[in-house]
1. Trypsin sites (Lys or Arg not before Pro), restricted to region 148-250: which are DSSP loop and have at most 16 other Cβ atoms within 10 Å?
2. For region 1-140, calculate the relative contact order in percent as a whole number, restricting contacts to Cα pairs under 8 Å that are 6 or more residues apart.
3. Given a 1.4 angstrom probe, I'd like the percentage of the accessible area of region 137-176 that is carbon and sulfur, rounded to a whole number.
4. Can you tell which of Ile39, Ile77, Ile103 shows the greatest fluctuation in a Gaussian network model of the chain with Cα springs below 10 Å?
5. Residue by residue through region 13-23, which ³J(HN,Hα) values in whole Hz follow from phi under the Karplus form 6.51 cos²θ - 1.76 cosθ + 1.60 (θ = phi - 60°), with glycine and proline marked x?
6. Which three lengths, in whole Å and largest first, does the chain cover when its Cα atoms are put on their principal axes?
7. What percentage of the solvent-accessible surface of region 190-306, computed with a 1.4 Å probe over protein heavy atoms, is contributed by carbon and sulfur atoms?
8. What is the distance, in nm, between label points placed 7 Å from the Cα along the Cα-to-Cβ direction at Glu26 and at Glu68?
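The values are calculated or read from the model by the stated rules, or taken from the named source; none is laboratory data. These numbers come from a predicted model, not from an experiment. Ideal geometry is used to build each Cβ from the backbone, glycine not excepted, and the neighbour counts take in all protein chains shown. The area values use the complete protein model at the heavy-atom level, side chains included, leaving out ligands, DNA and RNA. Shrake-Rupley method; radii C 1.70, N 1.55, O 1.52, S 1.80 Å.
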Amino acid sequence: MAVPTQGLPPRVRIHEVGARDGLQNESAVVPVDVKAEFIHRLAAAGLTTIEATSFVHPKWVPQLADAEQLIPMLSDIEGVALPVLVPNARGLERAMEHGVRGIAVFGSASESFAKANLNRSVDESLGMFAPVVARAREHGMRVRGYLSMCFGDPWEGPVPVHQVVRVAKALMDLGCDELSLGDTIGVATPGHVQSLLAELNEEGVPTNAIGVHFHDTYGQALANTLAALQHGVTTVDASAGGLGGCPFARSATGNLATEDLVWMLEGLGIETGVDLDLLVATSAWMADRLGRPSPSRTVRALTHKG
């Protein structure tokens, strides 16, 4: 039953990451035709932003080595943004060759993760992203900046808010249209979320340019999302079926499940444009392809009713 609550946005845009962030951590390579059907099914369920893949070197993420094959298989999807992750200038060139209209770059708020993920310091990685973002903007592409380890780091522990704000502001100053705050290892709590959002606002990063990306390691993803909504955030990252983790941070468990997010939003009277039944069927279908049950509580509840 929908019970609207004052102080929350009327509509939320879900940035679906299951096809990229969700699948990249799978040890067994998922066939490209299965990935393409997954994305088609997600689009049919009403998701309007679906991160399709990453143009990263196959050595680093073998699961996404088929990006060039996948993108043409999605050409019949209309009215849906299909951004891709690009790690560097070469990744951008490959994406542009295939007509991609939106990209994301992936930075870190902590030095340890920047070194593990990009083999660079935080400032060196920002320097690498600068020409990528500039070139993408010159070609009219929408650019998202991911910022990982915004709340805690497996090597460094808690990440100070001011440190996150410095890197976040630097990413936005490069020309990113949107900033996604990542709780990569799932240690955030609601007060921490609201404190970070408030300080970002104070430093000139507007709420309407911020998305949130929570992992559910400690069962806090939905609580943290609600805290962000109360602050005015209207873009939330989620992964169909709760797929995903992070190949470069072993303590990172699954993403917030899109179905669990939609269930909460619908209960709050917040529009998403997503057909929950179709989405659940899609995640159940993908779980069958992966050979294991979906970790999403909502998928499990709705597929075992009756």
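1. Values: sites: Arg166, Lys169, Arg250; in loops: Arg250.
Passing sites in region 148-250 are Arg250.
2. 19
3. So the carbon and sulfur contribution to the accessible surface is 52 percent.
4. For the chain, modelled as a Gaussian network with Cα springs under 10 Å, the answer is Ile77.
5. 9, 8, 9, 7, 10, x, 6, 10, 5, x, 8
6. Per principal axis, max minus min of the Cα coordinates gives 55, 44, 35 Å.
7. Values: 2420 of 4880 Å².
Carbon and sulfur: 50 percent of the exposed surface of region 190-306.
8. Between Glu26 and Glu68, the simple spin-label model gives 2.2 nm.
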